[in-house]
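Below is one structure, written out as structure tokens, with a few remarks after it.
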Amino acid sequence: MKVSMKWLKQYADIPMDADSYESRMIMTGTGVEGIDDLGAELENVVVGKVLTCRDHENSDHLHVCTVDVGEAEPLQIVCGAPNVKEGLLVPVAKIGAKLPGGITIKKGKLRGVESQGMLCSGPELGVPVELYPSVGDAGLLIFHEEYPLGADVKPIFGLDDKVIDFEILANRPDCLCVWGVARETAVAMGTELKLPEISVKEVGGDISDYAKVEVSEAELAPRYAAKVIKNVRVAPSPAWLRQYLHAAGMRSINNVVDITNFIMLETGHPMHAFDLAKVRGRHIIVRKAEKGETLTTLDGKNYELAGGELMICDEVGPTGLAGIMGGEESEITESTQEVLFECAAFDRTSIRVTARALGIRTEASGHFERGVSPATVMDALMRACQMVNELDAGDVVSGVYDYYPHPIIPATLTVSCQRMARRAGVEIAPEEMENILKKLQFTVSRNGDEMVVTAPAFRQDVDQEADICEEVLRYAGYDLIPITRLRGENTMGGQNEKGRRQAALRAQLTGMGFYESMTFSFISAKSIAQLGLPEDDKRNQPLMVLNPLGEDTACMRTTLLCGLLKTLSTNIKNGNENGRLYEMGTIFDAHNRTKEGLPTETPALAIGMYGDADFYAIRGVVEALCQKAGMAYEIAACEEAYLHPGRRAAILVEGEVLAVLGEIHPDAAQRFDITGRAYVAQVNLPVFFAHSVPLGTVKSIARFPAVNRDLALVMKESQQVGPLMNAIKAGCGAMLEDIRMFDVFRGAQIGEGNKSVAFSLTYRAADHTLTDEEITRLTDKALKIAKEQFDAVLRA
């Protein structure tokens with residue numbers, strides 16, 4: 001929150017420079033993000049009067065002027081502004097002057113004529129039109145008031161001021177205004193708080209003669225107050241008001257609208273002004289929106305309402321989003337004659353939900369989301385009416401509408417001085433505690449160690465003794481807390497079991513030449529559709545994000561492959577000939593919920609390859625992971641639609657699907673803009689870790705030699721190889737140490753619809769050297785199993 005030092009000093013004396021003030025406020029718990037010197041970039045620019053102005057003899061648009069800047073001799077300045085003429089008071093940048101943007105004015109010649117400075121426009125000085133009226137870039141800024149020649153221009157524009165950017169914590173909405181910061185400042189500085197006395201001159205009549213107000217949502221609008229101003233005189237705001245708004249980062253519009261913005265900044269209460277002539281039926285209704293109602297806001301945007309939003313309506317329909325932004329239909333214009341001022345306290349949750357749902361963020365909504373005290377609504381409203389009197393912006397009609405069915409009762413707590421001192425770790429005398437709390441406008445009654453404390457009406461954050469202790473300690477001084485050495489023992493850091501296992505997987509994959517990829521957990525529904533899954537596949541029905549950043553991040557991922565395939569596609573497009581990537585992340589299942597009703601989150605590993613890769617390479621990677629983990633697995637067929645029907649498989653462990661892998665289906669590859677063949681695998685990490693053997697089995701080195709035999713078996717094209725290998729291994733027993741497939745052949749020699757698969761069988765006995773008879777018997781047994789169970793015969 002940005003606050004002008006000049007404005008702040010009206011309400012609390014600050015007997016120190018800005019840097020010292022910053023340090024003091026930080027030490028009392030009010031954060032300061034920075035200090036901005038508004039005139040830091042403007043030096044040696046003064047008020048000057050154009051004495052003479054003639055056309056430049058060598059130019060059709062330049063003028064040669066003599067300008068009085070209060071010095072012994074006038075300056076000769078060449079100026080190209082079309083509105084320069086004799087007799088004008090203008091800002092003059094003298095030789096050596098500095099302007100915004102790092103510009104330094106130097107003596108020079110323009111078309112052969114010497115120029116001793118520069119006559120300035122508003123933009124060249126960093127002065128917008130709303131801060132000081134001018135023609136902008138079209139010509140010089142002209143002073144409309146009389147100023148001493150040679151006077152510094154910074155005070156004229158309010159640039160002789162510093163702006164403090166306060167960091168207001170979420171639990172202190174009372175400090176989100178000038179008055180709130182002034183209260184803190186007065187206590188921190190030990191000076192007097194000088195808030196204005198509110199007195200309003202009214203002209204008679206009654207509000208009911210001009211407007212009717214009705215509140216139908218007491219919970220969402222705990223307080224709603226209104227005053228009517230007639231004979232409105234819309235005009236530009238005075239310079240001091242424009243300067244305060246500019247320092248706070250707001251734009252001056254006109255005196256009526258500026259009053260509402262000024263009150264919000266000063267008191268923390270957002271206000272709105274309605275042109276009563278545009279309020280249909282002159283009837284303000286505070287109610288919930290009905291589904292399908294529409295509203296055009298002050299920024300010209302159209303919104304269709306979902307129903308349930310708190311609205312300010314007239315007899316026909318919505319005219320404003322309560323606590324967020326007014327409607328275009330009832331905005332203040334130069335023709336406005338009668339105005340209704342609204343000042344209210346709206347439910348913070350309702351405002352926050354509506355603002356986020358509609359994607360609107362305003363100063364008003366920010367205040368209401370943090371919380372506005374209903375108890376101080378009337379102070380802000382009457383201060384606005386006082387401003388109307390002071391600016392002669394209209395006549396205040398007598399009477400007020402004030403809907404406040406359940407007045408807020410300030411918190412009253414009974415606390416112990418000794419207990420608070422122990423909590424703070426600082427010895428603070430009860431008398432000092434009482435004095436600090438009274439300065440902070442708490443009502444205090446002390447009897448020995450016990451104090452009965454009542455919070456002021458604007459403090460909604462005080463509800464327990466710890467809050468009172470905090471108030472005392474921050475003004476007694478955090479520096480009073482004694483310095484103590486750290487106690488306890490140092491503990492060794494490290495990873496948990498899950499982290500260690502994932503790190504081991506990462507290390508193994510890195511060793512195999514893979515790079516880790518990371519993508520967002522939220523993706524687009526379109527990217528899931530690109531996989532080509534069956535319509536009834538639950539992965540096509542992801543968990544949708546309620547308020548997504550965009551269409552590309554509208555749902556939570558149900559598979560890691562969408563992000564991985566996009567990354568592979570990007571690498572291919574950028575000319576990387578070979579790619580090996582993996583991603584470890586979480587997938588979300590909205591159909592299987594936890595006991596808390598949350599979607600199931602499953603850790604998974606996705607692996608992708610292209611270039612120097614094939615089906616056996618991706619299968620080998622997954623098998624290597626399984627073998628390193630010491631698990632027994634089997635290979636089976638899978639039916640994943642996004643994988644090539646002839647080059648896909650599943651890895652099973654004790655009947656559970658551990659992984660699916662294969663070549664991306666050409667249709668899916670085309671949808672992801674992948675040229676060439678790409679291979680992927682997705683591993684279910686909970687299944688993987690559940691079946692991993694932490695250490696594995698230690699075996700002694702074999703004492704007897706192994707014998708290898710190669711077999712080429714002819715079988716039907718549709719016959720799966722994995723079950724055949726498992727059956728041979730089971731039938732031959734312990735003497736068959738290993739069986740591996742190393743070749744697949746198809747051709748006319750073995751008949752159409754057949755394939756020849758070559759296997760390498762390794763035999764070894766643990767207690768003796770195998771004889772030829774034993775080897776032949778084992779081989780015959782393998783051939784018999786292949787023939788009888790799988791109709792696979794030895795290739796001739």
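Among the residues making up the stretch 9-24, those that are out of contact with any helix residue (DSSP H, G or I) (no Cβ under 6 Å at 6 or more places or on another chain) and among the aliphatic types (A, V, I, L, M) are Met16, Ala18. Is there a residue being open to solvent by less than 20 Å² (accessible area, probe 1.4 Å), in contact (Cβ under 8 Å) with a residue 24 or more places away in the chain and within 23 Å of Gly620 (Cα to Cα) anywhere in the stretch 514-537? Within the stretch 514-537 (the criterion being open to solvent by less than 20 Å² (accessible area, probe 1.4 Å), in contact (Cβ under 8 Å) with a residue 24 or more places away in the chain and within 23 Å of Gly620 (Cα to Cα)), the answer is yes, since at least one residue qualifies. Of the strands (runs of 3 or more DSSP E) lying entirely inside the stretch 582-658, those containing at least 1 residues that are polar (S, T, N, Q) and in contact (Cβ under 8 Å) with a residue 12 or more places away in the chain span 599-610. Within the stretch 80-94, residues that are at positive phi sit with their Cβ atoms under 9 Å from residues that are assigned to a strand (DSSP E or B) and aliphatic (A, V, I, L, M), at 6+ positions apart or across chains, in these pairs: Gly87/Val50; Gly87/Leu51. Of the numbered criteria (1) under 30 Å from Gly579 (Cβ atoms); (2) of a type outside the set (A, V, I, L, M, F, W, C); (3) more than 60 Å from the chain's Cα centre (by Cα), the one Gly747 fails is (1). Scanning the stretch 695-712 for residues that are modelled with pLDDT under 80 and outside any loop (DSSP other than H, G, I, E, B) gives no hits. The set of residues in the stretch 13-27 being under 22 Å from Leu473 (Cα atoms) and either surrounded by 12 or more Cβ atoms within 10 Å (Cβ to Cβ) or under 31 Å from the mean Cα position of the chain (by Cα) (or both) consists of Ile14, Tyr21, Glu22, Ser23, Arg24, Met25, Ile26, Met27.
Can we say Asp449 is of a type outside the set (A, V, I, L, M, F, W, C), touching a residue at least 12 places away in the same chain (Cβ under 8 Å) and farther than 26 Å from Leu195 by Cα?
Working: of a type outside the set (A, V, I, L, M, F, W, C): yes; touching a residue at least 12 places away in the same chain (Cβ under 8 Å): yes; farther than 26 Å from Leu195 by Cα: yes.
Spelling it out, Asp449 is indeed of a type outside the set (A, V, I, L, M, F, W, C), touching a residue at least 12 places away in the same chain (Cβ under 8 Å) and farther than 26 Å from Leu195 by Cα.
For the stretch 167-184, a tally of residues being β-branched (Val, Ile, Thr) and either at pLDDT 95 or above or surrounded by fewer than 17 Cβ atoms within 10 Å (Cβ to Cβ) (or both) returns 2. Out of the residues in the stretch 492-510 that are assigned to a loop (DSSP other than H, G, I, E, B) and either open to solvent by less than 80 Å² (accessible area, probe 1.4 Å) or in contact with a helix residue (DSSP H, G or I) (Cβ under 9 Å, 6 or more places away or on another chain) (or both), which is farthest from Asp612 (Cα to Cα)? Out of the qualifying residues, it is Gly493.
Just name the residue that is nearest to Gly620 (Cα to Cα) out of those in the stretch 538-561 that are of a type in the set (S, T, N, Q) and touching a helix residue (DSSP H, G or I) at 6+ places or on another chain (Cβ under 7 Å). Taking the candidates together, the pick is Thr559. Counting only residues that are touching a strand residue (DSSP E or B) at 6+ places or on another chain (Cβ under 9 Å) and within 24 Å of Val377 (Cα to Cα), the stretch 231-248 holds 3 of them. Within the stretch 754-766, being open to solvent by 10 Å² or more (accessible area, probe 1.4 Å), over 60 Å from the mean Cα position of the chain (by Cα) and not polar (S, T, N, Q) holds for Arg764, Ala766. Only a single item in (1) surrounded by fewer than 17 Cβ atoms within 10 Å (Cβ to Cβ); (2) within 30 Å of Leu358 (Cβ to Cβ) is not met by Asp614, and it is number (2).
For Gly513, the test of being more than 36 Å from the chain's Cα centre (by Cα), within 30 Å of Leu560 (Cα to Cα) and in a loop (DSSP other than H, G, I, E, B) is passed. Among the candidates Asp402, Asp379, the residue that is open to solvent by 30 Å² or more (accessible area, probe 1.4 Å), assigned to a helix (DSSP H, G or I), within 30 Å of Ser208 (Cα to Cα) and among the acidic types (Asp, Glu) is uniquely Asp379. Taking the condition at positive phi and at pLDDT 95 or above, does Gly662 pass? Yes. Just one of the numbered conditions (1) open to solvent by 60 Å² or more (accessible area, probe 1.4 Å); (2) among the hydrophobic types (A, V, I, L, M, F, W, C); (3) under 17 Å from Leu42 (Cα atoms); (4) out of contact with any helix residue (DSSP H, G or I) (no Cβ under 9 Å at 6 or more places or on another chain) is not true of Ile103: (4). Of the residues making up the stretch 68-76, not a single one is within 16 Å of Glu43 (Cα to Cα), in contact with a Ser or Thr (Cβ under 9 Å, 6 or more places away or on another chain) and open to solvent by 10 Å² or more (accessible area, probe 1.4 Å).
When the stretch 659-668 is filtered for residues that are part of a strand (DSSP E or B) and without any contact (Cβ under 8 Å) to a residue 24 or more places away in the chain, only Val660 remains. Of everything in the stretch 442-488 that is open to solvent by 80 Å² or more (accessible area, probe 1.4 Å) and in a loop (DSSP other than H, G, I, E, B), the residue that is farthest from Val187 (Cα to Cα) is Arg487. When the stretch 382-396 is filtered for residues that are open to solvent by 10 Å² or more (accessible area, probe 1.4 Å) and part of a helix (DSSP H, G or I), the ones remaining, listed by number, are Met382, Arg383, Gln386, Asn389, Glu390, Leu391. Only one of the numbered conditions (1) charged (D, E, K, R); (2) surrounded by fewer than 18 Cβ atoms within 10 Å (Cβ to Cβ); (3) closer than 27 Å to His406 by Cβ is not met by Glu369, and that is (2).
Yes or no, residue by residue, for (1) within 25 Å of Arg501 (Cα to Cα); (2) in contact with a His (Cβ under 8 Å, 6 or more places away or on another chain); (3) basic (Lys, Arg):
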site: Arg539; (1), (2), (3): no, no, yes
site: Leu549; (1), (2), (3): no, no, no
site: Thr594; (1), (2), (3): yes, no, no
site: Arg619; (1), (2), (3): yes, no, yes
site: Leu625; (1), (2), (3): yes, no, no
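The residues listed here are Asp174, Asp160; of these, the one that is within 21 Å of Phe262 (Cβ to Cβ) and in a helix (DSSP H, G or I) is Asp174. The residue that is nearest to Tyr210 (Cα to Cα), counting only those in the stretch 268-283 that are open to solvent by 30 Å² or more (accessible area, probe 1.4 Å) and part of a helix (DSSP H, G or I), is Arg282. Can you say whether Asp206 is in contact with a Gly (Cβ under 7 Å, 6 or more places away or on another chain), on the phi < 0 side of the Ramachandran plot, open to solvent by 40 Å² or more (accessible area, probe 1.4 Å) and not β-branched (Val, Ile, Thr), as far as the supplied structure shows? Yes, satisfied. Within the stretch 746-796, the set of residues being part of a strand (DSSP E or B) and small (Gly, Ala, Ser) comprises Ser756, Ala758, Ser760. Residue pairs whose Cβ atoms lie under 7 Å apart, sitting 6 or more positions apart in sequence or on different chains, and linking a residue in the stretch 133-151 that is more than 23 Å from Ala235 (Cα to Cα) and touching a residue at least 40 places away in the same chain (Cβ under 8 Å) to a partner that is acidic (Asp, Glu) and not in a loop (DSSP other than H, G, I, E, B), are Leu149/Asp68.
The values are calculated or read from the model by the stated rules, or taken from the named source; none is laboratory data. Nothing here was measured: the structure is a model prediction, and the numbers come from that model. Virtual Cβ from ideal backbone geometry, glycine too; neighbours counted across all protein chains shown. To get the accessible areas, we keep the full protein, side chains included, count just its heavy atoms, and leave off ligands, DNA and RNA. Shrake-Rupley method; radii C 1.70, N 1.55, O 1.52, S 1.80 Å.
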